[in-house]
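Working notes, structure below.
The values are calculated or read from the model by the stated rules, or taken from the named source; none is laboratory data. Being a predicted model, the structure only gives us computed values, none of them experimental. Ideal geometry is used to build each Cβ from the backbone, glycine not excepted, and the neighbour counts take in all protein chains shown.
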Amino acid sequence: MADDQSKSDFRDHNKLSASDDYEVNFFALQNNITPEQVRELIRKHGNDRAALTAAAKALPAQ
C-alpha cells in the first residue's frame, strides 16, 4: 500500500531543532559529539543539518 501523502508532517527534515531532545541526541550520536556541542553548533551555525554536519566533522577529535 502506498503512503498517504496527505498525512505528511510539517517539519523540514533539512533543519535540526535545538528544542527537540530526541533530534539533538540522535544527531550527537551520529556525529560522535555531545548534545551540548550540538546545541553550541546550532547557536554558531544555525539549524541547517548539512552545515551542522560539516561543522561537527571539523571539531577536534575527542
Does residue 26 satisfy the criteria of being modelled with pLDDT of 90 or more and aromatic (Phe, Trp, Tyr)? yes
Taking the range 1-23 and the residues there that are polar (S, T, N, Q) and assigned to a helix (DSSP H, G or I), the one that is modelled with the highest pLDDT would be 6
Within the range 44-61, of all residues that are touching a residue at least 24 places away in the same chain (Cβ under 8 Å) and farther than 14 Å from residue 23 by Cα, the one surrounded by the most Cβ atoms within 10 Å (Cβ to Cβ) is 56
In the range 25-41, anything surrounded by 14 or more Cβ atoms within 10 Å (Cβ to Cβ), outside any loop (DSSP other than H, G, I, E, B) and not charged (D, E, K, R) is listed as 26, 27, 28, 31, 35, 37, 38, 41
